[in-house]
Amino acid sequence: MKIKKIPSPNYSSRDGHQVDMIVIHAISLPPGEFRTGYVLDLFLNRLNPSAHPYFQEIRDLRVSAHYFIDRGGEVIELVDPDQMAWHAGESSFEGRQGCNLFSIGIELEGTPDQPFTERQYRSLMELCLVLMKRYPLISPERIVRHSDIAPGRKKDPGPLFPWERFKDELKREISKKNFSAAEFKESINPSGSKDKF
Ligand SMILES: [Zn+2]
C-alpha cells in the first residue's frame, strides 16, 4: 500500500519488546477542525503556539504515532514501527503497563461527534492487514481503541468509530486465502515485504 514517510523525532527504543498490538486513536487540531496541517505539526514539534488559543495548552507536548490517516485516507508514517512511538501514555492491556513499548499507534484524523470517512476506514483496514503480516503476534483481539487501554482518561477514537463492523471485516479478510498466501510469500522474501513500507 502507498505510505508517505514524514519522520518524527518523537520516538525511542522498544527495549527489545516485540510488537504485539495496535492502538487506534483519533485526533484533530484545533479540536473539531480537519485538514489544517496542525496534527502533523504537533507530531513534528513545530506547532506554532500562537496559531490557536488551544495550542498554548499543548505547546510542550512531545508526542507521536506510527501512522496518521487523514480525512482523505492518505497514510503517513511518522515513526518506524520497529521503534516506539509516544502515543498511548499511561495505559495497560491484559495487566501489562505502558502499551507504547509493544504497540503500534495509528491516529485517524477525527473528532468524537463526526463520522470518519470511508477512505479512512479503508486505509485503516489495509494498514492493519499489512502490519499483521509483518508482526504476526498481532491478532484481531489485540487491535484495540485508545479508550480500551486508558479507560476514564481517554475517549478516542470515540463512539462513531464503527468498531464491530471493523473487527468483523478484519476477521473476514484474514480468513481469506490470499492473506495467508501473501504472508507465506513475504516470509520467504523478507526484503520484498519491507518495500511495502
Ligand atoms: Zn489517543
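For K171, the aspartates and glutamates whose Cα falls under 17 Å of its own Cα, not counting residues fewer than eight places away in the same chain, are D20, E126, E141, E183.
Relative protection proxy for 163-176, 26-39, from highest mean packing down: 26-39, 163-176 (other beta-carbon atoms within 10 angstrom).
Residue ranges 47-58, 64-75 sort as 64-75, 47-58 when ordered by packing (mean number of other C-beta atoms within 10 Å per residue, highest first). Peptides 81-91, 2-12 ranked from most to least packed, by the mean per-residue count of other Cβ atoms within 10 Å: 81-91, 2-12.
Dipole magnitude for the range 4-194: about 360 debye, using +1 per Lys or Arg Cβ and -1 per Asp or Glu Cβ, origin at the Cα centre.
Taking the number of Cβ atoms within 10 Å of each Cβ as an exposure proxy, the fewest-first ranking of D15, D80, D20 is D15, D80, D20.
Computed from Cα atoms, the angle from the helix 118-134 axis to the main principal axis of the chain rounds to 50 degrees. The H on the amide N of R145, modeled in the peptide plane, is under 5 Å from the matching H of I24, each at least 5 residues off or on a different chain. Couplings for the range 149-161, taken from phi via the Karplus curve 6.51 cos²θ - 1.76 cosθ + 1.60 with θ = phi - 60°, read 9, 9, x, x, 9, 10, 10, 6, x, x, x, 8, 6 Hz in order; Gly and Pro are left as x. Quick one: of K133/K167; K2/K176; K5/K167; K133/K155; K5/K155; K155/K176, which pairs are farther than 25 Å apart, Cα to Cα? Over 25 Å apart, Cα to Cα: K5/K167; K133/K155; K5/K155; K155/K176.
Every read-out reported here was derived from the displayed coordinates using simple, explicitly stated rules and does not represent laboratory data. Because the structure is predicted, anything quoted here is derived from the model rather than measured. Neighbour counts run over all protein chains shown; Cβ positions are idealised from the backbone, glycine included.
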